């Protein structure tokens with residue numbers, strides 16, 4: 001394992017982190033929750049194939065947290 005690998009942020013999110021998310025999150029956070037890389041997440045969002053509901057607000061993408069939690073099996 002290289003030294004710079006330990007400083008990288010791990011993929012995925014803990015259950016507690018997911019349940020503490022606001023109503024919508026940026027695409028980077030959605031990607032992290034799903035274990036997607038940045039490029040793949042943006043590619044899926046642009047094609048309308050992201051695995052949960054994504055809103056386009058100007059140039060920004062927002063992931064609907066309720067759909068994300070439902071997809072991950074954490075819906076209330």
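Nothing in this text is a laboratory measurement; each read-out follows from the coordinates by a stated rule. None of the values given here were measured: they were computed from a predicted structure. Here the Cβ positions follow ideal geometry from the backbone for every residue, glycine too, while neighbour counts run over all protein chains shown.
Identify all residues within region 57-76 that are part of a strand (DSSP E or B) and within 14 Å of residue 30 (Cα to Cα); write none if there are none.
60, 61, 62, 63, 64 - these are the residues of region 57-76 that are part of a strand (DSSP E or B) and within 14 Å of residue 30 (Cα to Cα).
Return yes or no: is residue 36 without any contact (Cβ under 8 Å) to a residue 24 or more places away in the chain, out of contact with any helix residue (DSSP H, G or I) (no Cβ under 7 Å at 6 or more places or on another chain) and under 16 Å from residue 12 (Cβ atoms)?
It is true that residue 36 is without any contact (Cβ under 8 Å) to a residue 24 or more places away in the chain, out of contact with any helix residue (DSSP H, G or I) (no Cβ under 7 Å at 6 or more places or on another chain) and under 16 Å from residue 12 (Cβ atoms).
State which residue is surrounded by the fewest Cβ atoms within 10 Å (Cβ to Cβ) when the search covers only region 31-59 and only residues that are farther than 15 Å from residue 18 by Cα and touching a strand residue (DSSP E or B) at 6+ places or on another chain (Cβ under 7 Å).
It comes out as 55.
Taking region 56-76, which residues are farther than 21 Å from residue 14 by Cα and under 13 Å from the mean Cα position of the chain (by Cα)?
Of everything in region 56-76, just one residue is farther than 21 Å from residue 14 by Cα and under 13 Å from the mean Cα position of the chain (by Cα), namely 61.
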